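Scroll down for the structure; my scribbles are underneath it.
The values are calculated or read from the model by the stated rules, or taken from the named source; none is laboratory data. No experiment lies behind these values; they were computed from the predicted model shown. With ideal geometry, Cβ positions are generated from the backbone for all residues, glycine too; neighbour counts draw on all protein chains shown. Only protein heavy atoms, including side chains, enter the accessible area calculation; ligands, DNA and RNA are left aside. Shrake-Rupley method; radii C 1.70, N 1.55, O 1.52, S 1.80 Å.
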Amino acid sequence: PLTVAPDLQTARMALAVTIDVPHDRGQSYEVALTLRAPGGATLLQRRQAVTSQGVAHDVIDIEQPELWWPRGHGEQPMYSLQVCLHEVDSDGTPCDERTLRLGARRLRLVEERLSDGENFYIEMNNRPIFCGGANWIPADVLPTRVSADRYRALLDEAVVGELTMLRVWGGGIYESDVFYDLCDERGLLVWQDFAFACGVYPAHADIASSVAAEARAALRRLRHHPSLVLWAGNNEDYSIAQS
């Protein structure tokens, strides 16, 4: 994601591209980066060498970023980052490529002690946000039957209903990419539960390592979405365990 400075005047993206090639061939590849502004103008084009370990690093700075806002607070401009993998001295045809859409926003989860308790709210671009919303459960018992149009219709209902946030229930699924893309476009914030429903789960080493692998995979797939503002560890499992 784009990290926005406290004064909202600059943004920085630290990029690490990992490719799956034999280690002794990593340096025979390079990565071409293209960053485009929300309006389509090219902000940056450059190439980075891939190390023998199959990794390319870069840091991209943006002056006066166009800020992404939750619905009702502003617009939802999206930057576009294209990453193309090339063999060195090739004819220019990419071996692989990926394009991500990114939103520049400064996000804080504020938890501060008060005289009679503790507050808990999202602050976006230095502005406290009221997160009225709803629970999101899978839209069909067979998730693959849910089309992009179906997602679009349901999320448009959330917009018409003046919702700001959707909490993806832990008893459901990590949703399709199109769900998060549409939330990005509509300024709908997403509270994402890890996929644990109402139960007490075993905690031996094999289960723990499986959970860690699942969490890494989910985070890597979804972390670039500006709409995704909070990851929660479970549904209400802790209260069951405490009881």
Kindly provide the set of residues from segment 161-185 that are of a type in the set (Asp, Glu) and either without any contact (Cβ under 8 Å) to a residue 12 or more places away in the chain or within 18 Å of Gln76 (Cβ to Cβ) (or both), ordered by number. Glu162, Asp177, Asp181, Asp184, Glu185
Please find, within segment 186-210, the residue that is most open to solvent (accessible area, probe 1.4 Å) out of those that are under 30 Å from Met13 (Cα atoms) and among the charged types (D, E, K, R). Arg186
Taking the stated definitions as given, is Val200 assigned to a loop (DSSP other than H, G, I, E, B), at pLDDT below 95, farther than 29 Å from Pro128 by Cα and among the β-branched types (Val, Ile, Thr)? yes
Gly172 fails exactly one of the following numbered conditions: (1) surrounded by fewer than 17 Cβ atoms within 10 Å (Cβ to Cβ); (2) not in a helix (DSSP H, G or I). What is the number of that condition? (1)
Check every one of the strands (runs of 3 or more DSSP E) wholly within segment 75-138 and list those with 1 or more residues that are acidic (Asp, Glu) and open to solvent by 50 Å² or more (accessible area, probe 1.4 Å). 79-87, 96-102
Inspect all residues belonging to segment 43-59 and state whether any of them is outside any strand (DSSP E or B), open to solvent by 60 Å² or more (accessible area, probe 1.4 Å) and of a type in the set (Lys, Arg). no
Which residue pairs have Cβ atoms closer than 9 Å, lie 6 or more positions apart in sequence or on different chains, and pair a first residue in segment 131-147 that is more than 12 Å from Trp169 (Cα to Cα) with a second residue that is small (Gly, Ala, Ser)? Gly133/Ala158; Pro143/Gly172; Pro143/Ser176; Thr144/Ser176; Arg145/Ala139; Val146/Ala139; Val146/Ser176
Restricting attention to segment 211-240, and to residues there that are surrounded by 16 or more Cβ atoms within 10 Å (Cβ to Cβ) and at pLDDT below 85, which single residue is nearest to Ala14 (Cα to Cα)? Asn234
Among (1) touching a strand residue (DSSP E or B) at 6+ places or on another chain (Cβ under 8 Å); (2) modelled with pLDDT under 95, the one test that Ala208 misses: (1)
Report, by residue number, each residue of segment 186-230 that is in contact (Cβ under 8 Å) with a residue 40 or more places away in the chain and aromatic (Phe, Trp, Tyr). Trp191, Phe194, Phe196
